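See structure below.
The values are calculated or read from the model by the stated rules, or taken from the named source; none is laboratory data. In this text, all values refer to a predicted model and were calculated from it rather than measured experimentally. Glycine also receives a Cβ, built like all others from the backbone with ideal geometry; neighbour counts cover every protein chain displayed.
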Amino acid sequence: MNDTSSRAERGPGDQRPLRLGTRRSKLAMAQSGQVAQTVRQLTGRPVELVEITTYGDVSREALAQIGGTGVFVSALRDALLAGEIDLAVHSLKDLPTKQPDDLVLAAIPVREDPRDVLIARDGLTFENLPSGARVGTGSPRRTAQLNAWARSLGLDIETVPIRGNIDTRLGYVAAGELDAVVLAAAGLSRIGRLGDVTQFLEPDAVLPAPGQGALAVECAATNAQLIARLAELDDPFTRAAVTAERTLLAALEAGCSAPVGALADLLADGQVVTEMRLRGVVGSADGKTLVQLSTTGPVPSSSEEAVNQSVRMGHELAAAMLDKGAAGLMGERVL
């Protein structure tokens, strides 16, 4: 029996530290530290961060070239299955849509702002970028939508592929190598850098990645006691929303690096969530062709039924997008 299994059987008085696996980046450490603090409060146990290097952290290739799907995740999952850590924190948008049977997404906490943001020189907004402006992004999804938006505005921009952590990407603008970069609002918020933002990009212009802004707390399926405690971190509305988005991604047979954007908005009548609107987009890199559709549906009061409804909506929207030619815009699909 490995150590993870034995931990599941220990009594509530166990004070051994819980080992939380995390990537080494500044952002990953910040968001894992926030989760660790909450887990300490929930369990009354110490939580230690275990830094793990993933293939996506060491490769300098573009994410689209190395596959994107799972490159920031596999090493953490291997450590979970080997009993080297008790739980792991992921950026949900990095997770493959197929969940392994021996691992559980025990909690998806309340989501941060899912939007993308522009950080541009001289406080510029996207609409005011000069002709020939160089805009950095490592995301085919952003590239497609930014180019489409620029075409609609009559702007002449060049999207430039970039890699690196948040500080590296912001440094390209500070050094004058790029006029702007596009990043996720949630990441900047978690490291206290929202002050660098010159424009929040509304979803009507640029839909975020499926699951963007949300975290996933994962542990071994055998660790029933820890799963039960971590469930207290779960936000059912966030889970329902990201389930719809990730089901759309899976049904399109697209990986994490495909040019797919998705966002599920939960609409409330007073204090009661009654309806979900799911929007999806797939686009060609040059922005000349976009397939962008949406669907709405009721949100049941039961958390389990809400997730089931999210799955149905994701499949329905994917089918409609494929009927409109989305498959031809995604390059190599994940089968």
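Structure notes:
- Filter pass, Val117 being crowded, with 18+ Cβ neighbours inside 10 Å, under 27 Å from Ala264 (Cβ atoms) and modelled with pLDDT of 95 or more: yes
This table checks each residue for (1) farther than 30 Å from Leu18 by Cβ; (2) in contact (Cβ under 8 Å) with a residue 12 or more places away in the chain; (3) among the charged types (D, E, K, R).
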{"residue": "Thr274", "(1), (2), (3)": "yes, yes, no"}
{"residue": "Arg277", "(1), (2), (3)": "yes, yes, yes"}
{"residue": "Ser303", "(1), (2), (3)": "no, yes, no"}
{"residue": "Gly325", "(1), (2), (3)": "yes, yes, no"}
{"residue": "Met330", "(1), (2), (3)": "yes, yes, no"}
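- Index of the failed condition, Gly13 passing every other in (1) modelled with pLDDT under 95; (2) not in a loop (DSSP other than H, G, I, E, B): (2)
- Candidates Glu61, Glu51 - the one that is touching a Lys or Arg at 6+ places or on another chain (Cβ under 6 Å), of a type in the set (D, E, K, R) and either at pLDDT 55 or above or more than 20 Å from Arg111 (Cβ to Cβ) (or both): Glu51
- Counting only strands (runs of 3 or more DSSP E) that sit completely within the stretch 78-140, those holding 1 or more residues that are within 30 Å of Ala285 (Cα to Cα) and touching a residue at least 24 places away in the same chain (Cβ under 8 Å) correspond to 87-91, 116-120, 133-137.
- Counting only strands (runs of 3 or more DSSP E) that fall entirely inside the stretch 225-335 and contain at least 1 residues that are polar (S, T, N, Q), the qualifying elements are 272-283, 290-298.
- From Arg111, Arg151, Arg190, Arg134, residue being in contact with a Gly (Cβ under 8 Å, 6 or more places away or on another chain), surrounded by 16 or more Cβ atoms within 10 Å (Cβ to Cβ) and of a type in the set (Lys, Arg): Arg111
- Considering the stretch 165-183, the residues that are among the small types (Gly, Ala, Ser) and in contact with a helix residue (DSSP H, G or I) (Cβ under 8 Å, 6 or more places away or on another chain) include one that is nearest to Pro130 (Cα to Cα), namely Ala180.
- Among (1) surrounded by fewer than 24 Cβ atoms within 10 Å (Cβ to Cβ); (2) among the charged types (D, E, K, R); (3) closer than 28 Å to Cys219 by Cβ - the single one Arg279 does not satisfy: (3)
- Checking each residue in the stretch 181-195 for being within 14 Å of Gly138 (Cβ to Cβ) and of a type in the set (Gly, Ala, Ser) picks out Ala184, Gly187.
- Thr222 vs. criteria hydroxyl-bearing (Ser, Thr, Tyr), in the same structural domain as Thr38 (by TED's automatic domain parsing), touching a residue at least 12 places away in the same chain (Cβ under 8 Å) and crowded, with 16+ Cβ neighbours inside 10 Å: yes
- Residue pairs whose Cβ atoms lie under 7 Å apart, separated by 6 or more positions or on different chains, with the first residue in the stretch 191-205 and small (Gly, Ala, Ser) and the second surrounded by 16 or more Cβ atoms within 10 Å (Cβ to Cβ) and not in a loop (DSSP other than H, G, I, E, B), are Ala205/Trp149.
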